[in-house]
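To start, the structure under review is shown below, and the notes come after it.
The values are calculated or read from the model by the stated rules, or taken from the named source; none is laboratory data. Keep in mind that what you see is a predicted model, and the values were worked out from it rather than measured. No Cβ is skipped: glycine too gets one built from the backbone with ideal geometry, and neighbour counts run over all protein chains shown.
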Amino acid sequence: LDRPSFPGWYSDIYSEVKDSMGALLTGRASAEEFIERVQGASDEVREDEDIVKFKRS
């Protein structure tokens, strides 16, 4: 079975998603803040040429 491994592929994004989701669900962050934080982590990974980028077909 070929399944994506988001936590393994992009652990920096996964960590931010977990932390941001916790903040969102406990009222410490708004939905907009959640999106900004996760998008920021995603942008950093996208721009880092040292991180292998995986593609699904």
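Considering only the stretch 44-57, state which residues are of a type in the set (Asp, Glu) and loosely packed, with under 10 Cβ neighbours inside 10 Å.
Those that are of a type in the set (Asp, Glu) and loosely packed, with under 10 Cβ neighbours inside 10 Å: GLU47, GLU49, ASP50.
Any idea which of ALA23, ALA29, ALA41 is surrounded by 12 or more Cβ atoms within 10 Å (Cβ to Cβ), of a type in the set (Gly, Ala, Ser), part of a loop (DSSP other than H, G, I, E, B) and on the phi < 0 side of the Ramachandran plot?
Step by step, each of ALA23, ALA29, ALA41 is checked, and only ALA29 is surrounded by 12 or more Cβ atoms within 10 Å (Cβ to Cβ), of a type in the set (Gly, Ala, Ser), part of a loop (DSSP other than H, G, I, E, B) and on the phi < 0 side of the Ramachandran plot.
Which numbered condition in (1) part of a helix (DSSP H, G or I); (2) touching a residue at least 12 places away in the same chain (Cβ under 8 Å); (3) not β-branched (Val, Ile, Thr) is the only one that ARG56 fails?
Answer for ARG56: the failing condition is (1).
Evaluate the following for PHE34: is it in contact with a Ser or Thr (Cβ under 7 Å, 6 or more places away or on another chain), among the aromatic types (Phe, Trp, Tyr) and either at pLDDT below 95 or in a helix (DSSP H, G or I) (or both)?
Criteria met by PHE34.
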